[in-house]
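One structure below.
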4 protein chains.
Amino acid sequence: MAGNTFGDIFKISTFGESHGAAIGVILDGCPALIDIDEEFIQSELDKRRPGQSKITTQRKESDTAQILSGVFEGKSTGTPIAIVIPNEDQRSKDYSHIQDKFRPSHADYTYQVKYGIRDYRGGGRSSARETAARVAAGAIAKLFLKQRGIEIFAHVSGVGKLEAPNLDSSNLQDLLTRRESNIVRCADPASAAEMTEYIDQIRKNGNTVGGRISTVIRNVPVGLGEPVFDKLHADLAKAMMSINAVHGFEYGSGFEGSQMLGSEHNDIFVNQDSNIRTLTNFSGGIQGGISNGMDITFKTAFKPVATIMKDQATINEQGDDTTISGKGRHDPCVVPRAVIIVEAMAALVIADHLLKYEAYHNAK
Amino acid sequence: MAGNTFGDIFKISTFGESHGAAIGVILDGCPALIDIDEEFIQSELDKRRPGQSKITTQRKESDTAQILSGVFEGKSTGTPIAIVIPNEDQRSKDYSHIQDKFRPSHADYTYQVKYGIRDYRGGGRSSARETAARVAAGAIAKLFLKQRGIEIFAHVSGVGKLEAPNLDSSNLQDLLTRRESNIVRCADPASAAEMTEYIDQIRKNGNTVGGRISTVIRNVPVGLGEPVFDKLHADLAKAMMSINAVHGFEYGSGFEGSQMLGSEHNDIFVNQDSNIRTLTNFSGGIQGGISNGMDITFKTAFKPVATIMKDQATINEQGDDTTISGKGRHDPCVVPRAVIIVEAMAALVIADHLLKYEAYHNAK
Amino acid sequence: MAGNTFGDIFKISTFGESHGAAIGVILDGCPALIDIDEEFIQSELDKRRPGQSKITTQRKESDTAQILSGVFEGKSTGTPIAIVIPNEDQRSKDYSHIQDKFRPSHADYTYQVKYGIRDYRGGGRSSARETAARVAAGAIAKLFLKQRGIEIFAHVSGVGKLEAPNLDSSNLQDLLTRRESNIVRCADPASAAEMTEYIDQIRKNGNTVGGRISTVIRNVPVGLGEPVFDKLHADLAKAMMSINAVHGFEYGSGFEGSQMLGSEHNDIFVNQDSNIRTLTNFSGGIQGGISNGMDITFKTAFKPVATIMKDQATINEQGDDTTISGKGRHDPCVVPRAVIIVEAMAALVIADHLLKYEAYHNAK
Amino acid sequence: MAGNTFGDIFKISTFGESHGAAIGVILDGCPALIDIDEEFIQSELDKRRPGQSKITTQRKESDTAQILSGVFEGKSTGTPIAIVIPNEDQRSKDYSHIQDKFRPSHADYTYQVKYGIRDYRGGGRSSARETAARVAAGAIAKLFLKQRGIEIFAHVSGVGKLEAPNLDSSNLQDLLTRRESNIVRCADPASAAEMTEYIDQIRKNGNTVGGRISTVIRNVPVGLGEPVFDKLHADLAKAMMSINAVHGFEYGSGFEGSQMLGSEHNDIFVNQDSNIRTLTNFSGGIQGGISNGMDITFKTAFKPVATIMKDQATINEQGDDTTISGKGRHDPCVVPRAVIIVEAMAALVIADHLLKYEAYHNAK
């Protein structure tokens, strides 16, 4: 109800503020006997970690995950897995200047009015730092899905007005290698170079810019998704929209599909060597809210980071006019780090629906 | 878990298949003492009803809502409100030709594999007929919100490549009148005429086309939305994506916002006569997942209806190649009727979050 | 949240007031392909039906269940099963004398204060008539469990100070036959005769009396129950305490067990022909909140029916002293009809936990 | 779903094993601006702490609560409150002898079969050590309820066959003082002395014994409880039955009430100086599942602790016969420490229902 829990069967609850003692997560509902590879969890956190390149915030956090429960001799036990990530590099004094001012397009004002109190340091609970907890839990979801052969891949497909070409997604491992070979996390090398250059220019101007992330999920069995409200794409949409700064979501043909004719848009079924598939995939791998075995594809749009290194007019808690100056350590563009958050949330949605599916499927 | 329930406090559960005895809904969590205006509920259903114009399906359903419980002497009692809408004009024989064939871009295939059985008549549970139940419950949500002065308005802002201009939303009653004066439900008369003409042409060709719906919600108090997962826009996204044929959702600046710079996108706070607002509204009335008192704005993209009056290749349940011919009574474009579904789901989300807000707000 | 839903995966939502148009239930989460035997559902309702003997209320209701959705050609489809039971014999005028009076030990006062409005006719929503909807859904749960060989048996083990001896539960079908051979629903013939006589005497005096129901569930696999909060016995307790008039619940050794020593109470494990069991069963088939394969046993205590055919002092809505006279048609003792409600709720709990178990079990 | 979460609005999720790194809890849904008195939280934990007297286990745990989030400058912020309690005195080697044996009437066998893996050290997740997390969260619930004047008091009313007399509950502070003046936590001094003596004797014999706890909740407003399934007493029952070793629950007249006549059992309403109350309170402060303003009263029965200092026959994981010897540090009787767990769970139920009540109540 208070909004800090996601998922029904494979379920996470996160906690923590940007400048508190720690952030963390309880993952409840992870099946027993999953190999919990702590190095993998850490490697995922490292991809989201601040300070990893010149185009990310320079806050220094090791983001070291400590597993407090639910794992015995390297395997999940079916009991809640609690993970804590201590906060280390809190320069709270960087925030004393905003203690009673509302930063434009941040959550300062709404938190203050809603709760009557807020931990203003670094945005408190509204900080994207919370997403590190999601990445840790998402890493375990990936380990679970890996046992079933399900793969998830996201990359930066757009920054500002720059747009990467559509990629052949038949080899996700190859795309992953290409994505990790550049700091912007775009799997198309030419676009990546252009985007890196552009973001670095934006950063030097003290400005920020938005971007887009495209995701593919492969080898999902037919049958995931619970109509009519918990359609697979509806839960993916909610998961994505719950990530800081996301303003748009589309799957399959998306907004463009709404400009098409039925005769163009319909995906024709074919039987290829006892493998039922569709010739096109405007459905994005989901029909009637249920996965159809084709690649699940969706795109997510992120607004520009609200903190800019420029003076802006605003008001304070008393409602008086004032000016706010950009301080602190922030990202010029959020998508290079958000790629791993998108993958984590996607993994959590698929893991949750996989367990729902098995509850009923086995029952038949 | 099985996906037929939406909302936490103001909560609906729908049931029913396209060609079964009836469809319906239980609304649990409606506060007591709300005036239940049955005429209003019926008038909402009439806007979604099939057969209302030449550009909608010709299935004839009166869609008469029967309230079975939860209302006493015209007022809600705080107990579950059950509403049943009998199915009347089921021409099930129209569907005998698809009994063992999978219609392209429909849910026939995924339902069959997921459940091992399906009511193939009219798409069974996957039919958009289910949304009549949502409209009935949404009408009660609107009656509740009306007591608080909250208004919701949606209209068709795009059909295929046609796009209506942005409208001044300062007078929603006026827009509503304009919207209801044409059969496509677009509040801009010139665009409406163009769209109507276009859809009618599409219909005559036996084809279908997608479209877009824009929504504004006014007078929502500051504070609705539960971070971090149940952000107000995340729940709106899930609600919208759960509507049949929706492939995309964006709020505030949306996908376009992801092309902007932070310095352009930030909404500057001002205090206008003790009324705190922002000069622009790229945030779409929601910051940090919480309503900020400005108009809440979002857009939804609908794919073209999958049933077209043309022969299409497909496979049957045995996996053999076959051909399917378009039959039955279908909409050439879904958005004119979907406007009222979008409003209903929006009302349900706002009502649910309003009650959550009051649980905690009062507790302070 | 508003309390009219029970279960997580195999989930019911009931609606309806005693003297409204109908009562009913949506069962969401019933697996597909279960044979829905409508005659069995009706036979279960007939056991709960009023007017079945001289020691039950004389209200005449056929309690005919109408299935509106979720069943196709005799089988569940995996979509919500809606069942409606119309109210027929509402003598609402029997209740005009209590329109503004609060009956002692009824829910009139608490409903009035909580909701500010109440349907006073027959107790409205607080009437045990609502439990007919539970019995209908419980019948489907039984059909599902039957496919797995799980059996549930309840009978009246106590009325007032009368107590039936403990019964050998190795043949539940036999006990069922014996139970159904008498109107009090006690499987011990001698006790049944005594109880019938006693209740009839109470009835003639215009009084009422409490009673107890004992339940056995057999062939539950090891592993049902989700620690630490959703222990199998905790969910059984909630289910039973949610039935009108229940004031107590115990499982296994129960209250008596709290008087014992550990050396007496421990159940010793033995391996009998590769069948692991315990020599005693003070654990009631549940250890650590999880079924251990032994018979699950519990007992439920019902208070005397509050409506008596005598004058009682009370107050009215204005807070003034007044007198209330017993009228209407009521049961002198609730347990003979409640047996089937207890079984229904037990079946719903086991079905729900079975599906949870399979979600995780299959995942291994 | 996996059972480690309790509550809907005021909601806790616990984690941790007996001999893991730590146990803990996330409390999500605590309203903002509650004074979080850390000393009070610690004093509650101290009452549940092991090693506090000769009649409790000698395991030494300081049970120091660390708040990681959700509190800013001494007040709750409305964001999740995470509390971690490190494990200190784990003598895991005490448990090597049970690594592959199933202790009688423990959860070893059911956990092993359910999950296929278990942390056998100290019972792992099934250990009552988990309840320390509940006590920490319950302390915050008490702080919230205290602001509303709601008081909760539990004490040991029975040990084995010993039973304390019923107490006048008009002054709960006085009873609390008397309870805390003895190590058995019974508010009747004479009974306390007898019980202490008895438990100490049991302990010296290497045996254990069961007991009973009685609870009173005062000043609960009329209107808490959500019929028909989430009746206030149904949620209290589930909460109590979820505590380790609890085998029985009754409220108001309880099992005894089932032996009474309606004419004896009905609680007559009276208006005493505009204060509506009942002359008797067999209803236990709850009618129709909703609090009626009278004292809420219930009793809970605990079985004897399963670990005894005697040799017992059992089987091992291979299914072979073996013998198990009592080792480790255990309580001879669980009720003196369980008093505080009962209060904590009661506080969590009332806090949750209070917020539900306010959601709807305010909405009127």
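Bear in mind these aren't lab numbers, they're just calculated from the coordinates by the rules spelled out. All of these numbers come straight from a predicted model, not from anything done at the bench. As a convention, Cβ positions derive from the backbone with ideal geometry for all residues, glycine included, and neighbour counts pool all protein chains shown.
Structure notes:
- Put the Cα centre of the range B:314-338 next to the Cα centre of the range D:179-225 and the gap is 70 Å.
- Between the alpha-carbon centres of the range A:242-302 and the range D:1-37 there is a gap of 39 Å.
- Ranking of C:Lys47, A:Lys114, A:Lys11, C:Lys161 by count of other Cβ atoms within 10 Å, fewest first: C:Lys161, C:Lys47, A:Lys11, A:Lys114
- Greater than 20 Å apart at Cα, pairs in C:Lys299/D:Lys238; A:Lys11/C:Lys231; B:Lys204/B:Lys310; B:Lys54/B:Lys238; D:Lys75/D:Lys146; C:Lys114/D:Lys11: B:Lys54/B:Lys238; C:Lys114/D:Lys11
- Here the range A:46-91 is treated as an ellipsoid with the same Cα gyration tensor; its semi-axes, largest first and in whole Å, are 29, 11, 7.
- A Förster radius of 60 Å combined with the Cβ-Cβ distance from D:Gln318 to D:Thr64 puts the calculated FRET efficiency at roughly 0.90.
- Here the label points at A:His97 and D:Lys146, each 7 Å from Cα along the C-beta direction, are separated by 4.1 nm in the simple model.
- HN-Hα J in Hz across the range C:345-359 - Karplus 6.51, -1.76, 1.60, θ = phi - 60°, x for Gly and Pro: 5, 4, 4, 5, 5, 5, 4, 5, 6, 5, 5, 4, 4, 6, 4
- Taking Lys and Arg as +1 and Asp and Glu as -1, the other residues whose beta-carbon sits under 11 Å from that of D:Phe282 total -2.
- When B:Gly74 is represented by a point 7 angstrom out along its Cα-to-C-beta vector, the spacings to that point in the other copies are 5.1, 5.3, 7.3 nm, nearest first.
- For C:Ser274, D:Ser127, the sequence from fewest to most other C-beta atoms within 10 Å is C:Ser274, D:Ser127.
- Paramagnetic reach from A:Glu39 in the range A:61-89 [backbone N under 17 Å; point 7 Å along Cα→Cβ]: A:65, A:74-75
- Counting only other chain Cβ atoms within 10 Å of each residue's Cβ, the peptide A:211-219 averages 1.
- Least to most buried among C:Asp35, A:Asp267, A:Asp200 (fewest other Cβ within 10 Å first): C:Asp35, A:Asp200, A:Asp267
- Based on Cα atoms of chain C, Rg over Rh with Rh as the Kirkwood radius reads 0.98.
- Amide H within-cut-off set for B:Lys310, under 5 Å, with H built and near neighbours excluded: B:Gly326
- Residue-wise HN-Hα couplings along the range B:228-242, as the Karplus relation 6.51 cos²θ - 1.76 cosθ + 1.60 with θ = phi - 60° gives them from phi, are 9, 9, 8, 4, 4, 6, 5, 6, 4, 4, 4, 4, 6, 5, 7 Hz; Gly and Pro carry x.
- The amide H of A:Asn4, built 1.01 Å from its N in the peptide plane, has B:Val228, B:Phe229 as neighbours under 5 Å, considering only residues 5 or more places off or on other chains.
- Spacing of the two label points (7 Å from each Cα toward its C-beta) at B:Ala190 and C:Arg329, in nm: 7.1
- For residues of D:197-206, the mean tally of beta carbons on other chains within 10 Å: 1
- Copy-to-copy label separations for A:Glu317, where each label sits 7 Å from Cα toward Cβ, in nm and ascending: 4.7, 5.7, 6.6
- Taking a ≥ b ≥ c as the square roots of the Cα gyration tensor eigenvalues, the range A:56-181 comes out oblate, since a/c reaches at least 1.5 and a/b does not exceed b/c.
- Cut-off under 5 Å, modelled amide H: who pairs with D:Ser157 long-range: D:Arg212, D:Ile213, D:Ser214
- Longest to shortest principal axis, alpha-carbon extents of the range A:215-325, angstrom: 69, 27, 24
- Calculated from backbone phi, Karplus (6.51, -1.76, 1.60) coupling profile of the range C:201-214 in Hz, x at Gly/Pro: 5, 4, 4, 5, 7, x, 10, 9, 8, x, x, 9, 10, 10
- In the assembly of identical copies, C:Asn166 has its label point, taken 7 Å from Cα in the direction of the beta carbon, separated from the corresponding points by 3.0, 7.1, 7.7 nm (ascending, one decimal).
- The long axis of helix B:38-48 is offset from the longest Cα principal axis of chain B by roughly 60 degrees.
- Stokes-Einstein, applied to the Kirkwood radius of the protein assembly as shown over Cα pairs at a viscosity of 1.567 mPa s and 4 °C, places its translational diffusion at 40 µm² s⁻¹.
- Gaussian network model of chain C, Cα within-10 Å springs - most flexible of C:Gln201, C:Gln147, C:Gln42: C:Gln147
- Degrees separating the helix A:131-146 axis from the principal Cα axis of chain A, which is the longest one: 20
- Within a Gaussian network of chain A (alpha carbon springs, distance under 10 Å), most fluctuating of A:Ala139, A:Ala239, A:Ala154: A:Ala239
- Inter-chain shielding of A:22-28 (mean C-beta neighbours from other protein chains, 10 Å cut-off): 6
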